[in-house]
Amino acid sequence: MKLQKVIDQNYLREPNESLRRYLSKGNQVVLTDFACMESYKGNSLINLERSQEIISKYPKQVIILKSTQEVISLTKENIKAVREREHVPSIVGG
């Protein structure tokens with residue numbers, strides 16, 4: 001059974017034999033937008049390379065979540081669609 005694990009920047013960075021073993025078993029990792037943004041801290045070029053060193057060898061096992069902004073916009077669209085479909089009046093200011 002494949003496992004999925006949400007990982008942060010600390011777990012992502014090389015050297016991390018634990019992450020290598022986890023991915024070598026066919027498991028998947030999930031990256032949030034925050035974990036991706038953390039890659040830019042400090043010396044961006046070096047940190048980006050270190051952050052992607054391991055996962056770049058297992059691209060089909062990496063799931064990148066939508067950004068917070070994208071999720072918020074989807075939610076607004078879904079609320080509008082439900083209101084229109086069910087003829088629910090909008091709340092003042094909402």
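Quick notes on this structure:
- Total residues in the range 36-48, condition under 18 Å from Asp8 (Cβ atoms) and out of contact with any Phe, Trp or Tyr (no Cβ under 8 Å at 6 or more places or on another chain): 8
- Checking each residue in the range 25-41 for being in contact with a Lys or Arg (Cβ under 9 Å, 6 or more places away or on another chain) and surrounded by fewer than 17 Cβ atoms within 10 Å (Cβ to Cβ) picks out Lys25, Gly26, Asn27, Gln28, Val30, Asp33.
Every number in this text was worked out from the coordinates using simple rules, so none of it is lab data. Computed from a prediction, not measured in an experiment: that's the story for all the values here. Cβ atoms come from the backbone with ideal geometry, glycine included; neighbour counts cover every protein chain shown.
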